[in-house]
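Derivation of every value follows stated rules applied to the coordinates shown; laboratory data play no part. Model, not experiment: these values are computed from the prediction. Counting neighbours? That spans all protein chains shown, and the Cβs are built from the backbone with ideal geometry, glycine included.
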Amino acid sequence: MPYILGLTGNIASGKSTVGLMLLEMGADIYIDADRVVHELYLPGQPLVAELAGVFGSQIVDQAGGIDRKILGQIVFGNPTEMRRLEQIVHPAVQTALMSTLRQLDARRPDAVGVLDAVKLVESGYGQLLESFWLVICSPAVQLERLVKLRGIPLLEAELRLQSQPDLESKRAQAAEIIDNSGDLDQLRHQVSAAWKRFMDGIRARESTG
């Protein structure tokens, strides 16, 4: 089975930036769970009809896919609706991710992959991972990224941040904590050092059989 490093952290913390850096540093594949969700929301996907049946046809855009903005307005800030969404979406995402990992295992059983998911721990991926890193960021920087970089209205951005999972329990479990509140050079320095420790650990295990 490939060696899988997990990345987790809340919205706009910079997980995807870390994931892309890891590809540059030698990881064989970067799997972004949010991108998988995007694909499952495309026109023609079975999940679209299932979600429309629960949240209403207004969440389907003119092309026949899920309008993430309208869906977000329903679930962010509403824990009950968020749980309903997660109960539908998470199993579909898990199925897609496991399919990707099985394909990777068939091609490159010794590959090193990176799996990025906000609810990495809660979704039960822990048994697949060598370890996981927690990417953190100051709330002020997260809010700025959501508003300025993603164009999300301030009130909606605040609701999204309030809907994010608590990180305290993950801090104790994470092999590395990457603070992405600074600039890219600071981030790259942290990621490079953590990646070296991760790969050194894999090589040590391989050398002892």
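Can you check what the net charge comes to around residue 56, using other residues whose Cβ is under 14 Å from the Cβ of residue 56 (Lys, Arg +1; Asp, Glu -1)?
-3
When the chain is modelled as a GNM with alpha-carbon springs shorter than 10 Å, which of 149, 71, 187 fluctuates the most?
Of 149, 71, 187, the most mobile in the Gaussian network model is 149.
Could you check the spin-label model distance between residue 107 and residue 156? Points 7 Å from the Cα along Cα→Cβ, value in nm.
According to this spin-label approximation, the distance is 3.5 nm.
What full-extension length gain, to one decimal in nm, is calculated for residue 183 and residue 167 as 0.36 nm per residue of separation minus the Cα-Cα distance?
Value of the extension gain: 3.6 nm.
Through the Karplus equation 6.51 cos²θ - 1.76 cosθ + 1.60, θ set to phi - 60°, convert the phi angles of region 177-185 into ³J(HN,Hα) values in whole Hz; use x for Gly and Pro.
For region 177-185, the Karplus-derived couplings read 10, 9, 9, 9, 8, x, 8, 5, 5 Hz, x marking Gly and Pro.
Which residues' amide hydrogens lie under 5 Å from the amide hydrogen of residue 6, considering only partners 5 or more residues apart or on another chain, with H built in the peptide plane?
115, 130, 131, 132, 133
Sorted from largest down, what three extents in whole angstroms do the Cα atoms of region 72-152 have along their principal axes?
In descending order, the Cα extents are 41, 28, 20 Å.
Rounding to the nearest 10 and keeping the result within 0 to 90°, find how far the Cα-based axis of helix 79-107 lies from the longest principal axis of the chain.
40
Going by Cα centres, region 137-192 and region 43-83 are how many Å apart?
So the two Cα centres are separated by 25 Å.
Remind me, relative contact order of the chain in percent, using alpha carbon pairs under 8 angstrom and six or more residues apart?
Result for the chain is 35 percent.
Just the number, please: percent antiparallel of the DSSP beta bridges in the chain, rounded to the nearest 5. Walk me through the intermediate numbers first.
On the way: 1 of 18 bridges.
Expressed as a percentage, antiparallel bridges in the chain total about 5.
Just checking my list (i) 1.07; (ii) 0.94; (iii) 1.39 against Cα Rg over 2.2 N^0.38 Å computed from this structure; which label fits?
It is the value labelled (i).
Using amide H atoms built 1.01 Å from N in the peptide plane, name the residues 5+ places from residue 163, or on other chains, whose amide H lies under 5 Å from its own.
77
Calculate, for residue 149 and residue 95, the FRET efficiency according to 1/(1 + (r/R0)^6) with r their C-beta to C-beta distance and R0 45 Å; round to the nearest 0.05. Don't skip to the end; give the middle numbers.
On the way: r = 31 Å, r/R0 = 0.68.
Computed FRET efficiency for residue 149 and residue 95: 0.90.
Can you tell me the relative contact order of region 18-88? Whole percent, Cα pairs under 8 Å, sequence separation 6 or more.
Averaging sequence separation for qualifying contacts and normalising by length gives 19 percent for region 18-88.
Placing unit charges on C-beta atoms (Lys and Arg positive, Asp and Glu negative, everything else neutral), compute the dipole magnitude of region 3-207 about its Cα centre in debye, rounded to 20.
Using only the charged Cβ atoms, the result is roughly 100 debye.
If the cut-off is a Cα-Cα distance under 17 Å, which lysines reach residue 119, setting aside same-chain residues fewer than 8 apart in sequence?
15, 170
What's the local net charge at residue 186, with K and R +1, D and E -1, over the other residues with C-beta under 15 Å away?
Values: positive: 188; negative: 176, 179, 183, 185.
Around residue 186, the charge tally is -3.
Which far-off residues, 5 or more places away or on another chain, put their amide H under 5 Å from the one on residue 136, with H placed in the peptide plane?
178, 179, 180
So for the pair residue 61, residue 138, with labels modelled 7 Å out along Cα→Cβ, what separation do we get in nm?
Rounded to a tenth, the inter-label distance reads 3.4 nm.
Which aspartates and glutamates, if any, have their Cα less than 19 Å from the Cα of residue 148, not counting same-chain residues under 8 positions apart?
Within reach: 156, 158, 183.
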